[in-house]
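Undergrad: Can you read through this structure? Questions will come right after.
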Amino acid sequence: MGNEHLAALEKGDPELASLVREEEQRQRDKIRLIPSENYVSHAVLEACGTVLQNKYSEGYPGKRYYEGQQVIDRIEELAVSRCKTLFGVEHANVQPYSGSPANLAVYLAFCKPGDTIMGMGLPAGGHLTHGWNVSITGKYFRSVAYGVRKDTGRVDLDEVRTLAKKEQPKILWCGGTAIPRTIDFAGFHSIAKEVGAILVADIAHIAGLIAGGAHPSPVGFADVVSTTTHKTLRGPRGGILMCKAQHASAIDKAVFPGLQGGPHNQTTAGIAVALKEASTGAFKKYAHAIVANAKALAAELTLRGYDLVSGGTDNHLILVDLTGKEVPGKKAAKALDQAGLVLNYNSVPFDPRKPFDPSGIRLGTPAVTSRGMGPAEMKQIAIWIDRGVQAARTDDGAALDRIFAEVRELTGKFPAPGL
Ligand code: DSN
């Protein structure tokens, strides 16, 4: 993007403009491997920076609490109809501010405080809002967590079934934030049916893979599907709830007036654009390329002696246990950031270390794939990660700086969308 795009900001608030430019440069120079991040298109960026910002529209199309909705209603209807078509769902609500509010709305729709709910534990790869104890969802509900098997690093549906039968949850969550393997939505559906639970699939991480046909869809299995819009789906920061028609009213009432006020119309517009982009053949190719890149990166890391949770990946995400490399996850993540490789430290299943200083790192390929990188670049990234982890172990800052210089050469050849 040319320099003129921040002209008004430069004039009105040069300090802030300079910070935005610095962040642009960071996003351009470094290799973004955080699996929940991506680069939105210029079109999405533009939609989010429009006068739609100026309008209040509490309510839903045709039933608002403010006048002047002639255009906003059409924008929200467009986003909803694109979402329904793309995911093949009966009902969609595009108003949640992001994933956590979307998930809270699900609780509000189906549960009362104190009810039993069940989700994947945070250290096993679940999300905070699936009932983890530090989240409101673990405080206001009686939360029961399932995990992964120690020997496989994967969910064992027999164990989930046994636990669900014993605990009789009102809601059963599947999906999470650090799951490198395909989620068996049909298997979760049969368990939820057996115990009479509402099955909620949180597809925040894999929504783009599902839209592009690179991961099975939960539609037809889950009662409710929750997602953010900014990860593999490559939209603005927002959330969507999708459900069967029978739950439409409960979900809508929970989002508004239950939990939120006016929707962020500029985000709704950005979501509509992203959903249009995600319905193209190019996006299908993109979704499959994300997975091919993740598999290539996982294979290269394995070759270099890295211990991957579950032994590899089926999707966009890789979880690495660094215990054998004798570097804690946080130290490695900070060193790799210095080397121009941005990922996050992460707990691994059965982690003996604390979440703020865990044993693992989590990385993924949505953003690098958006830049057009392929298997050859994944090999190079694995080589750099390996050199970076070794440099972290020996506190060799100069080696990290040398890697960053090489990284910059590569990123210079792969312009990022939206920048
Ligand atoms: N923070 C998101 C992630 O990085 O996976 C989940 O909410």
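Undergrad: Scanning region 1-60 for residues that are of a type in the set (Gly, Ala, Ser) and without any contact (Cβ under 8 Å) to a residue 60 or more places away in the chain, which turns out surrounded by the most Cβ atoms within 10 Å (Cβ to Cβ)?
TA: Per the stated criteria, the residue is Ala17.
Undergrad: Only residues in region 115-127 that are modelled with pLDDT under 95 and outside any loop (DSSP other than H, G, I, E, B) count as the first member; pair them with residues that are within 13 Å of the ligand (Cβ to nearest atom) and among the small types (Gly, Ala, Ser), Cβ under 6 angstrom, at least 6 apart or cross-chain, and list the lot.
TA: Pro123/Ser347
Undergrad: Could you tell me which of the residues Gly125, Gly138, Gly119, Gly99 is open to solvent by less than 30 Å² (accessible area, probe 1.4 Å), touching a helix residue (DSSP H, G or I) at 6+ places or on another chain (Cβ under 6 Å), within 16 Å of the ligand (Cβ to nearest atom) and small (Gly, Ala, Ser)?
TA: After applying the criteria, what remains is Gly119.
Undergrad: Still on this model: Taking the conditions exactly as written (touching a Phe, Trp or Tyr at 6+ places or on another chain (Cβ under 9 Å), more than 30 Å from Asn54 (Cα to Cα) and assigned to a helix (DSSP H, G or I)), does Ile210 satisfy them or not?
TA: So Ile210 passes the test.
Undergrad: Please determine, by comparing only the residues of region 72-86 that are open to solvent by 20 Å² or more (accessible area, probe 1.4 Å) and in contact with a helix residue (DSSP H, G or I) (Cβ under 8 Å, 6 or more places away or on another chain), which one is nearest to Thr267 (Cα to Cα).
TA: So the residue we want is Ile75.
Undergrad: Right, something else. Being in contact with a strand residue (DSSP E or B) (Cβ under 7 Å, 6 or more places away or on another chain) and among the polar types (S, T, N, Q) is the filter here, so list the residues in region 201-235 that pass it.
TA: Ser226, Thr227, Thr228, Thr229
Undergrad: Let me ask something else. Name the residues in region 57-113 that are of a type in the set (A, V, I, L, M) and assigned to a strand (DSSP E or B), would you?
TA: The answer is Ala92, and nothing else.
Undergrad: Being out of contact with any Ser or Thr (no Cβ under 8 Å at 6 or more places or on another chain) and in contact (Cβ under 8 Å) with a residue 24 or more places away in the chain is the filter; apply it to region 74-83 and report the residue that is nearest to Ile206 (Cα to Cα).
TA: Going through the qualifying residues, I end up with Cys83.
Undergrad: Which of the residues that make up region 383-419 are under 29 Å from the mean Cα position of the chain (by Cα), open to solvent by 10 Å² or more (accessible area, probe 1.4 Å) and of a type in the set (Val, Ile, Thr)?
TA: Ile383 - this is the single residue of region 383-419 that is under 29 Å from the mean Cα position of the chain (by Cα), open to solvent by 10 Å² or more (accessible area, probe 1.4 Å) and of a type in the set (Val, Ile, Thr).
Undergrad: Can you tell me how many residues within region 61-73 are among the polar types (S, T, N, Q) and either without any contact (Cβ under 8 Å) to a residue 12 or more places away in the chain or within 16 Å of the ligand (Cβ to nearest atom) (or both)?
TA: 1
Undergrad: Can you find a residue that is without any contact (Cβ under 8 Å) to a residue 60 or more places away in the chain and open to solvent by 30 Å² or more (accessible area, probe 1.4 Å) anywhere in region 195-213?
TA: Yes, there is a match, as at least one residue in region 195-213 is without any contact (Cβ under 8 Å) to a residue 60 or more places away in the chain and open to solvent by 30 Å² or more (accessible area, probe 1.4 Å).
Undergrad: Which residues, counting only those in region 154-204, are within 19 Å of Trp132 (Cα to Cα) and small (Gly, Ala, Ser)?
TA: Result: Ala164, Gly175, Gly176, Ala178, Ala197, Ala201, Ala204.
The values are calculated or read from the model by the stated rules, or taken from the named source; none is laboratory data. Keep in mind that this is a model prediction, so the values were computed, not measured. For neighbour counting, all protein chains shown are included, and Cβ atoms are generated from backbone atoms with ideal geometry for every residue, glycine included. All accessible areas refer to the heavy atoms of the entire protein, side chains included, with ligands and DNA or RNA removed. Shrake-Rupley method; radii C 1.70, N 1.55, O 1.52, S 1.80 Å.
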